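Scroll down for the structure; my scribbles are underneath it.
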Amino acid sequence: MRGTDTATRPAPRLSVVASRYNETACLPEFHRRATAAARATVGEDYEIVLVNDGSEDGSLALMHHITAVRSFPNERPGSVHRIRVF
């Protein structure tokens, strides 16, 4: 997986983007599966982007703990699913 310095690197061949809401228990397994699927598809030329959709259970902290994962807080909880941005 590529590093996190997006200003100096070209876009990856594959971006896995997922909205997460109160999913602390599921994040490690999701990350494992997403990583395996991305590697099987394009090798190491991928990124995983997680959007915290207003979680209140520590999901954002866990997203930051998972190495080499970009995560973004969402200022308007639930809006990611309402506008269908995945």
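Below is a table of values for the structure above.
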{"item": "Rounded to whole Hz, the Karplus (6.51, -1.76, 1.60) HN-Hα couplings of the stretch 18-24, x for glycine and proline", "result": "9, 8, 10, 9, 6, 10, 3"}
{"item": "Long-range HN-HN contacts of SER55 with modeled amide H, under 5 Å", "result": "ASN22"}
{"item": "Amide H partners (placed H, <5 Å) of SER19, local residues excluded", "result": "VAL51"}
{"item": "Residue exposure sequence - ASP53, ASP45 - by fewest surrounding Cβ within 10 Å", "result": "ASP45, ASP53"}
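Bear in mind that the values in this text are calculations on the coordinates, not laboratory data. These numbers were taken from a predicted model, which means no experiment stands behind them. No Cβ is skipped: glycine too gets one built from the backbone with ideal geometry, and neighbour counts run over all protein chains shown.
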